[in-house]
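Here is the structure we will look at, set down as structure tokens.
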Amino acid sequence: HYRNGSSYKGEWDGDERHGRGILIQPSGDMYSGDFAGGMPLRRGVVIYAGGGSYDGELHELSRHGWGVHQDALGSRFEGDWLDNERSGYGRETLANGDVYEGQFHKNERH
């Protein structure tokens with residue numbers, strides 16, 4: 001366990017997280033993926049404590065790059081992310097089956 005309440009289980013290189021591992025945040029969110037130099041690498045899976053998941057590219061555990069997000073209510077977004085916001089091209093499928101495919105900017109259809 002760490003001072004901030006997070007915990008890690010996985011491979012180590014000396015005293016640094018390195019290789020495959022699972023990081024559980026104080027919020028209960030869980031990241032599973034590769035680590036180097038103690039930090040998560042650019043790709044992984046995040047399971048959110050409140051439900052839902054993300055599988056894709058990350059930057060410091062924020063959705064950044066291409067990825068698939070499924071929320072707890074059944075909506076799904078597959079596409080580009082920038083600083084945890086849908087930004088760029090993507091496909092959104094709502095829980096009721098409605099689909100939008102096109103550009104997004106700051107989480108909004110554009």
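The values are calculated or read from the model by the stated rules, or taken from the named source; none is laboratory data. Because the structure is predicted, anything quoted here is derived from the model rather than measured. Glycine gets a Cβ as well: all are built from the backbone with ideal geometry, and neighbour counts include every protein chain shown. When the accessible area is computed, the model is the full protein with side chains, heavy atoms only, and any ligands, DNA or RNA have been set aside. Shrake-Rupley method; radii C 1.70, N 1.55, O 1.52, S 1.80 Å.
A compact table of results
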{"item": "Distance between modelled label sites at L94 and A49, nm, 7 Å Cα→Cβ extension", "result": "3.0"}
{"item": "Local electrostatic count at A95 - Lys and Arg +1, Asp and Glu -1, tallied over other residues with Cβ under 10 Å", "result": "-1"}
{"item": "Share of carbon and sulfur in the accessible heavy-atom surface of the chain [1.4 Å probe, %]", "result": "49"}
{"item": "Neighbour cut-off at most 16 other Cβ (10 Å), DSSP loop, chymotrypsin sites (Phe, Trp or Tyr not before Pro), the stretch 1-73", "result": "Y2"}
{"item": "Anisotropy class of the stretch 28-110 from Cα gyration tensor, a/c 1.5 cut", "result": "oblate"}
{"item": "Filtered GluC sites (Glu not before Pro), the stretch 39-110: DSSP coil and at most 16 other beta carbons within 10 Å", "result": "E60"}
